[in-house]
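Here the structure is laid out as structure tokens; the discussion comes afterwards.
The values are calculated or read from the model by the stated rules, or taken from the named source; none is laboratory data. Just so it is clear, the structure is predicted and the values come from calculations on it, not from any experiment. In this analysis, Cβ positions are derived from the backbone assuming ideal geometry, glycine residues included, and neighbour counts consider all displayed protein chains. Just the protein is used for accessible areas: all its heavy atoms, side chains included, with ligands, DNA and RNA removed. Shrake-Rupley method; radii C 1.70, N 1.55, O 1.52, S 1.80 Å.
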Amino acid sequence: MIYQSGREWAEAQQKRVLLFGMSGLGKTHLSNLLRGAGGWFHYSVDYRIGTRYMGELIADNFKREAMKVPLLRELLMTDSVYIASNITFDNLAPLSTYLGKPGDPAKGGLPFAEYQRRQDQHHQAEVASLLDTVPFVARSQDLYGYQNFVCDSGGSICEVVDPANPDDPVLKALSDNLLMVWIKGSDAHTDELIRRFVRAPKPMYYRPDFLLAQWQAYLAEKGVAETQVDPDDFMRWTYAKALAHRQPLYQAMADNWGLTVTAEQVAQVRDIAAFNAMIAAALDQRAARV
């Protein structure tokens, strides 16, 4: 790790950190807090995915739907209207909408093969966006004069890396340049995330082998054809399994490549001083264990 102790972190003139973990546990909260206090550049992996690497795909999907409406079709064909994604750090709905959900087209579902294709596009975009973190560290300093840098990674980072591989190219590039910090949730947090998801299922990214296994198991358990799948029901059915699948991957990332703070600790952070104290304590705790 690029910082070995709490003292080293406290004295560092350039603080660089990457936050990872399940969505909803505080990554963006901390990133916004640091950016808002000044002196920190906020790099959002999901925002980079949805703009640099999947922006055209998202916009084309909007246009494809608009072309089904005669008035909009005419306006598009004459370049009379402009359709684009308005994705922001806090509103990633355009990216989620593009990823979609598999199942019955009458309920907004995608054919499973198309869903897999979009999942693969997201995989490639996420890897590229994670690797872009390193040049953005230099860019934020050279171009804007920021000394400190926070990377707000997506919840699916653990799906596109191999934390058990000491030569994993993404994790090696990231850990060589940033302190990787896992925000670990409790069982109560997991239960609450599941409750939220059941109320409003959202698109997600899954590893291809995990997704295919869940899809086949769902079809067999429900006794339905692919075109009969309720997209939201499949997403609900899969979500808890996905969280359980991700937990050991996050743990391995923290054990092999970084350190751990808890969601409870994160919830108590109200300013930069508290953030720095939390990171320093976690570094010292890790050093004591080693």
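Listed values, structure above:
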| item | result |
| --- | --- |
| In segment 220-241, the residues that are open to solvent by 30 Å² or more (accessible area, probe 1.4 Å), more than 16 Å from K107 (Cβ to Cβ) and not small (G, A, S) | E221, K241 |
| Every residue from segment 82-109 that is without any contact (Cβ under 8 Å) to a residue 12 or more places away in the chain and either buried (at least 19 other Cβ atoms within 10 Å of the Cβ) or among the aliphatic types (A, V, I, L, M) (or both) | A93, A106 |
| Any chance L95 is in a helix (DSSP H, G or I) and over 26 Å from the mean Cα position of the chain (by Cα) | no |
| Qualifying positions in segment 242-279 - open to solvent by 50 Å² or more (accessible area, probe 1.4 Å), under 20 Å from R7 (Cα atoms) and in a helix (DSSP H, G or I) | Q265, A273, A277 |
| Candidates I58, I83 - the one that is of a type outside the set (K, R), more than 30 Å from E264 (Cα to Cα) and outside any loop (DSSP other than H, G, I, E, B) | I58 |
| Residue selected from segment 138-159 under the condition hydrophobic (A, V, I, L, M, F, W, C) and open to solvent by less than 20 Å² (accessible area, probe 1.4 Å), by the criterion nearest to N256 (Cα to Cα) | C158 |
| Per-region count, segment 1-29, residues open to solvent by 60 Å² or more (accessible area, probe 1.4 Å), in a helix (DSSP H, G or I) and either at pLDDT below 95 or under 16 Å from C151 (Cα atoms) (or both) | 1 |
| Considering residues of segment 203-219 that are crowded, with 16+ Cβ neighbours inside 10 Å and without any contact (Cβ under 8 Å) to a residue 40 or more places away in the chain only, the residue nearest to S153 (Cα to Cα) | Q214 |
| Residues of segment 61-74 satisfying the condition of being assigned to a helix (DSSP H, G or I) and either within 16 Å of G108 (Cβ to Cβ) or open to solvent by 70 Å² or more (accessible area, probe 1.4 Å) (or both) | N61, F62, K63, R64, E65, P70, L71, R73, E74 |
| Count of segment 179-202 residues which are open to solvent by less than 70 Å² (accessible area, probe 1.4 Å), over 19 Å from K101 (Cα atoms) and in contact with a Gly (Cβ under 9 Å, 6 or more places away or on another chain) | 8 |
| Segment 222-240 residues that are in contact (Cβ under 8 Å) with a residue 24 or more places away in the chain, paired with ones that are among the small types (G, A, S) and surrounded by 20 or more Cβ atoms within 10 Å (Cβ to Cβ) (beta carbon under 7 Å, 6 or more apart) | V229/G103; V229/G109; D230/G103; P231/G103; P231/G109; F234/G103 |
